[in-house]
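What follows is a single structure, written as structure tokens, with notes after it.
The values are calculated or read from the model by the stated rules, or taken from the named source; none is laboratory data. From a predicted model like this one, the values you see are computed outputs, not experimental measurements. Reconstructed Cβ throughout: ideal geometry from the backbone, glycine too, with neighbour counts over all protein chains shown.
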Amino acid sequence: MRLLSTLCPMPHVKRYGWFLLQSVVAGLAAAFVISQFFPAAVRTMQASSALPETTGLQVVSYADAVASAAPAVVSIYADKLITEQTLIRVPSNSTVQRFSGLAYGPPRTRLERALGSGVIVTEDGYVLTNHHVIAGASQIRIALWDGRVTQANLIGSDADTDLAVLKMEGSALPALPLDAEVPKRVGDVVLAIGNPFGLTQTVTQGVISGLGRNQLNLRAYEDFIQTDAAINEGNSGGALINARGQLIGINTFVLGRINGAEGIGFAIPMSTASAVFEEIKQHGAVVRGWMGAEYGDAPLLPGSLDADAPRGVALTALYSGGPAHAAGLKSGDVLLRFNGEAIADQADLRLREAAIPPGEKVQVAGLRAGVPFEATLELGQRPIMSN
């Protein structure tokens, strides 16, 4: 006790306690005065204390891009009448009964509804979507962003690129312009907007995983944007936009998990979509030049060419009476140049061939059994695919 008294003399403790009590009373009095006479200041201090500390943090949101683009994305409902054969049981005394007991009855028609998405690309109601969404449809309805539902007419469709153009009545509609010059790079953030499984106006996020994908052998003309943004059933025909809300692609399909794939979706770039749209709008179909020949990439002989050098194509079949046949080309010929330019591969030649109007004459050059040759042929019109 003596030691404690030495360290903490009682008079000092009393003075400290009295000072502390005065401070507490003064603080409470000041708080009472402020709350009574300056209530706005109290509310401001309370609000300030409730705000989280965000110094040095940046919140990333794509809400502005979605708000800009989403009103131009519509849901598409395509009704298709499917006719199918039916099986019926036949009487036991029938000759057919001896074999199976079944026979074909009269055809039966049923209604099948396909879900998809589309993008309004002009203010007067032109809509771009996928060919496979509306193929065979007897009636097409469009649900707009604000809940309105309207009928749409098919202007034209192109199975070779899986694109179709619809037209609905309207004016001053929200539209996303078809700008083929919008820049895009692998790694850019992209957003897919569509109607997956009937869930309208759904947004998924990813990045551009690859450009110029053309080895899928799903369509005659392939130049896909690859993305890991989720694209599901019903997203087909919807918009793929960048972080600024600009349209860069039309979603078309995804490699399903049945193929062991996950996060691999594809969209048709604006360079293709805008060209097809203009052709269909003007002509009702896409008019393309055609050589009248089937071909594949020429084999790469050891030591003959660099792996990245243009290698040309090898003709595998010629259509009788077609332009290539009439010009004297033969199956097995290797074409190295088309209209004066080197042929990189079959995808390159197919695009060059399609870009030249039917009736134009072109020069081709290549090798026949190792011997150089040249020929002139007049392109015909590529037959229009209907499925």
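Computed values, structure above
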{"read-out": "Residue in the stretch 214-241 that is surrounded by the most Cβ atoms within 10 Å (Cβ to Cβ), counting only those that are within 11 Å of the chain's Cα centre (by Cα) and of a type in the set (S, T, N, Q)", "value": "235"}
{"read-out": "Yes/no for residue 137 being modelled with pLDDT under 95, farther than 14 Å from residue 276 by Cβ, in contact with a Leu (Cβ under 9 Å, 6 or more places away or on another chain) and among the small types (Gly, Ala, Ser)", "value": "yes"}
{"read-out": "Whichever residue in the stretch 354-367 is surrounded by 16 or more Cβ atoms within 10 Å (Cβ to Cβ) and outside any loop (DSSP other than H, G, I, E, B) and, among such residues, is nearest to the chain's Cα centre (by Cα)", "value": "354"}
{"read-out": "Qualifying strands (runs of 3 or more DSSP E) (wholly inside the stretch 260-353; at least 1 residues being charged (D, E, K, R), farther than 30 Å from residue 238 by Cα and modelled with pLDDT of 90 or more)", "value": "293-297, 334-338"}
{"read-out": "Matching residues, the stretch 148-162, being closer than 18 Å to residue 75 by Cβ and of a type in the set (A, V, I, L, M, F, W, C)", "value": "149, 152, 154"}
